[in-house]
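Down below is the structure, laid out as structure tokens.
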Amino acid sequence: MFLWLWLLGWSAFALPVAVASLRGWAPKRIRSRTTPWAIRVRGVALLVIWLGGLTGPLLRWSDLDTEDASFFASVVQGGLLVFAGGLVAGSQLGEWFYRRAVRARTVDQAQGIGGRL
């Protein structure tokens, strides 16, 4: 019974947020600070986390022994969490490089305009 509740609750919480992020929706304060592609990458990371939350109950229903299922679930969930963390960190790093490049370009343009006057 708990496994069914976990699957339904986890899917009802994580899946709509992930799909909304994949479609580019985010709260206004996040949209003002983040590019649309970074929001979509974070949506993919949320889907990976959602999948990691489903692996435990699905492996418990499989025909594996309890010890084997627990070990395999911990390895898979850990790997999926590290992958999702890498996606989020990569999108954050990409945002940082993008903002730095835009800032440098605006400074160069401002110096070019000021030099002509």
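The values are calculated or read from the model by the stated rules, or taken from the named source; none is laboratory data. The shown structure was predicted, so the numbers you read here are calculated from the model rather than taken from an experiment. Heads up, the Cβs are rebuilt from the backbone with ideal geometry, glycines too, and the neighbour counts pull from every protein chain shown. The accessibility values were calculated without ligands, DNA or RNA, using every heavy atom of the protein model including side chains. Shrake-Rupley method; radii C 1.70, N 1.55, O 1.52, S 1.80 Å.
Structural remarks
- Looking only at residues in the range 29-82 that are basic (K, R) and open to solvent by 80 Å² or more (accessible area, probe 1.4 Å), the one that is nearest to W4 (Cα to Cα) is R60.
- Taking each residue of the range 6-18 that is within 20 Å of A38 (Cβ to Cβ) and looking for partners that are aliphatic (A, V, I, L, M) with beta-carbon atoms closer than 7 Å, six or more apart or interchain, yields A14/L46; A14/I49; V17/L46; A18/L46; A18/L47.
- Matching option when the condition is more than 25 Å from the chain's Cα centre (by Cα) and without any contact (Cβ under 8 Å) to a residue 40 or more places away in the chain, among A101, A110: A110
- Test: residue in the range 100-108 that is open to solvent by less than 40 Å² (accessible area, probe 1.4 Å) and either outside any helix (DSSP H, G or I) or not aliphatic (A, V, I, L, M) (or both): no
- Restricting attention to the range 73-97 and to residues that are free of Cβ contacts under 8 Å to residues at least 24 places away in the same chain and farther than 17 Å from V48 by Cβ, the residue that is farthest from the chain's Cα centre (by Cα) turns out to be F97.
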